[in-house]
1. Defining a contact as two alpha carbons under 8 Å apart and six or more residues distant in sequence, what relative contact order in percent does the range 160-237 show?
2. Can you pull the percent of Cα pairs in the range 287-352 with separation above 20 Å?
3. Give me the number: length gained by fully extending N161 to R209, i.e. 0.36 nm times residue separation minus the C-alpha to C-alpha distance, one decimal in nm.
4. Could you pull out the pairs from K86/K129; K77/K219; K82/K219; K86/K219 whose alpha carbons sit more than 18 Å apart here?
5. Starting from the Cα of H177, step 7 Å along the direction of its Cβ; do the same at D146; then give the gap between the two resulting points in nm.
6. Take the alpha carbon atoms of the range 139-197, find their center, do the same for the range 348-366, and report the distance between the two centers in whole angstrom.
7. Across the range 221-366, how many lysine pairs, 8 or more apart or on two chains, come within less than 16 Å at their alpha-carbon atoms?
8. Could you order D188, D90 by accessible surface area, starting with the largest, using a probe radius of 1.4 Å?
Amino acid sequence: MSPSLVFTDSSTSTASRLLPFSRTATPFNAAVSPRRSVGPLNVRPFVLPPLRTLSVNSSNNPSPVINDKSGGEACAKVIDGKMVAKQIRDEIAAEVLKMKEAIGVVPGLAVILVGDRKDSATYVRNKKKACESVGINSFEVRLPEDSTEQEVIKFISEFNNDPSVHGILVQLPLPSHMDEQNVLNAVDIVKDVDGFHPLNIGRLAMRGRDPLFVPCTPKGCIELLHRYAVEIKGKRAVVIGRSNIVGMPAALLLQREDATVSIVHSRTKNPEEIVKHADIIISAVGQPNMVRGSWLKPGAVVIDVGINPVEDAKSPRGYKLVGDVCYEEARKVASAVTPVPGGVGPMTIAMLLSNTLSSAKRIHNF
């Protein structure tokens, strides 16, 4: 009898990116430049890099994904997203400084939030710290829950025309009275650092085309595989979940890497049988500990996007965060697995910063 699956959107780029912003758009670390139109752009698409096998034996890089299961109890390598994200932020900081010194331009990221969420404080702190750590200017707008769709689009339009802003992020989900597609479509594609514009998604899905941006969480998942020298080409990959934010673009990215991809979702029969054949699993369904160790093929690589609160009397907060995958069971079967927290979450923010830098370089032809 197959398990009953209830899928929700567990994207860290939406669930955690709920930021308390002021209504006035002001940067964390720079003054707002006067509004003026952006000049002609030399628009270059984001070209997905080929799979690279890195030299990962130095103390500054992750070690290869190797797990000898020939004797004793197996224990998977931990894919340290926090460490990799730090490396990426250091790389971004160097590029931001180089750009500032060369042409006097500092990348700018604008975020628009409609409504208020109590779980937003952590992301505000992390995002502000991340922007400051790499030298990116951050602009924020917070609008009340009862704002109109037109008010949101008005701010988007202002940011579209502001040359000091190179990336625009509209926090999802929007209030129910708003048409999400209308709002997202209002973001200029050259500043769509979340990668949600339908033209970006369409280009991602088409062979021979490249998007300007790739959605942050799926991009972070693939970057972890790259940085840990996990071979993707020719491998069987399973994506659990089919949201527009994580599951669907993750499957498209894996396909672009020449993996053979299956998608497991709420209508899939016997999902554990499909997962058992996977060399690579990306899970993004928002169901705590749904994927058991018995679901996994020995030696599989597991990327767990889920971040789910569960009751924990021992925790001062009364809860702890766990992934979609039963971590302790997975470590006994898989060759490598991401922890929760500390896996995909930090990579999402790193990819957002990376996309913002790429946008600024593209707009200014740097």
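1. With pairs under 8 Å counted, the relative contact order is 21 percent.
2. 32 percent
3. Numbers: separation 48, 0.36 × 48 = 17.28 nm, distance 2.66 nm.
Result: 14.6 nm gained on full extension.
4. Details: K86/K129 12 Å; K77/K219 21 Å; K82/K219 15 Å; K86/K219 16 Å.
From K86/K129; K77/K219; K82/K219; K86/K219, over 18 Å: K77/K219.
5. Each label point lies 7 Å from its Cα, and together they span 0.7 nm.
6. Using only Cα atoms to place each centre, the spacing works out to 18 Å.
7. Taking the range 221-366 as the scope, the lysine pair count is 5.
8. The ordering from most to least exposed comes out as D90, D188.
The values are calculated or read from the model by the stated rules, or taken from the named source; none is laboratory data. Bear in mind that the values here come from a model prediction, so they are computed numbers and not experimental data. All Cβ positions, even for glycine, are placed from backbone atoms using ideal geometry, and neighbour counts span all protein chains on display. These area figures cover heavy atoms from the full protein model, side chains too; ligands, DNA and RNA do not enter into them. Shrake-Rupley method; radii C 1.70, N 1.55, O 1.52, S 1.80 Å.
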